[in-house]
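Peer 1: This is the structure I want to talk about, given as structure tokens.
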Amino acid sequence: QVQLVESGGGLVQAGASLRLSCAASGRTFGSVAMGWFRQAPGKEREFVAAVARSGITYLADSLKGRFTISRDNAKSTVYLEMNSLKPEDTAVYYCAAARSTIMVKTTPDSWGQGTQVTVSS
């Protein structure tokens with residue numbers, strides 16, 4: 001398994017930007033696919049974005065154009081750049097890892113502890 005630690009969450013106003021980071025350890029970073037999920041109060045956890053070992057990225061359709069995922073293998077870190085934030089983006093954001101992109105999008109085997117993002121109107 002991979003140990004994951006998120007950072008970068010906070011309270012921002014609508015329209016602002018935030019960049020979340022997720023530092024990984026415990027397994028060769030380049031051998032895992034990475035992803036981000038979020039869970040808003042009273043809602044189920046939902047897929048946000050994923051980046052394959054090759055660097056190919058995937059985004060939830062509703063977030064395309066505002067969110068970007070990237071990875072830095074030298075730093076064993078995955079990033080989620082969030083722009084034009086809306087109050088409905090308020091959630092706990094979780095980093096995830098798995099052996100493949102399909103797995104990281106559906107059944108990750110490693111999770112971070114989550115970081116809170118709150119967007120005020």
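Peer 1: Can you work out ³J(HN,Hα) from phi for every residue in region 38-43, in order, using Karplus 6.51 cos²θ - 1.76 cosθ + 1.60 and θ = phi - 60°, giving whole Hz and x for Gly and Pro?
Peer 2: For region 38-43, the Karplus curve yields 9, 9, 8, x, x, 10 Hz.
Peer 1: Leaving out same-chain residues fewer than 8 places away, which aspartates and glutamates sit with a Cα under 15 Å from that of residue 75?
Peer 2: Once the sequence-local aspartates and glutamates are set aside, what remains near residue 75 is 6.
Peer 1: Would you calculate the separation in nanometres between label points at residue 39 and residue 100, each defined as 7 Å from the Cα along the Cα-to-beta-carbon direction?
Peer 2: Placing both labels 7 Å beyond Cα along the Cβ direction yields 2.6 nm.
Peer 1: For residue 43, give me every one of the lysines with a C-alpha distance below 27 angstrom, ignoring sequence neighbours fewer than eight places off in its own chain.
Peer 2: Result set, ordered by chain and number: 64, 86, 105.
Peer 1: Now for a different question. Mind listing the phi-derived Karplus ³J(HN,Hα) values for region 11-23, rounded to whole Hz, using 6.51, -1.76 and 1.60 with θ = phi - 60°, and x for any glycine or proline?
Peer 2: Ordered by residue, 3J(HN,Hα) equals 9, 9, 8, 4, x, 7, 10, 9, 10, 8, 10, 9, 8 Hz.
Peer 1: For region 58-69, just list the computed ³J(HN,Hα) in residue order, Karplus coefficients 6.51, -1.76 and 1.60, θ = phi - 60°, integers in Hz, with x standing in for Gly and Pro.
Peer 2: 9, 10, 4, 3, 5, 10, 4, x, 10, 10, 9, 10
Peer 1: Can you give the log10 of the normalised intensity I(q)/I(0) at q = 0.12 Å⁻¹, computed with Debye over equal Cα scatterers of region 7-69?
Peer 2: -0.37
Peer 1: Let me ask something additional. Considering only 106, 57, 68, give the residue with the highest GNM mean-square fluctuation for the chain, with springs between Cα atoms whenever their separation is below 10 Å.
Peer 2: 106
Peer 1: Right, another one. Which residues' amide hydrogens lie under 5 Å from the amide hydrogen of residue 48, considering only partners 5 or more residues apart or on another chain, with H built in the peptide plane?
Peer 2: So residue 48 has HN proximity to 36, 37, 38.
Peer 1: Tell me the volume per residue, in Å³, of the convex hull enclosing the alpha carbons of the chain.
Peer 2: Spread over its residues, the Cα hull of the chain gives 89 Å³ apiece.
Peer 1: Find the Cα radius of gyration of region 50-119, compare it with 2.2 N^0.38 Å by division, and give the number to two decimals.
Peer 2: Relative to the 2.2 N^0.38 Å estimate, region 50-119 comes out at 1.12.
Peer 1: Let me ask something else about it. Give the relative contact order (percent, whole number) for the chain; include only Cα pairs under 8 Å separated by 6+ residues.
Peer 2: 36
Any read-out appearing in this document is the output of simple, stated calculations on the displayed coordinates, not a laboratory observation. Quick caveat: nothing in here was measured; it's all calculated off a predicted structure. When we count neighbours, we look across all protein chains shown, and the Cβ atoms used for this are built from the backbone with ideal geometry, even at glycine.
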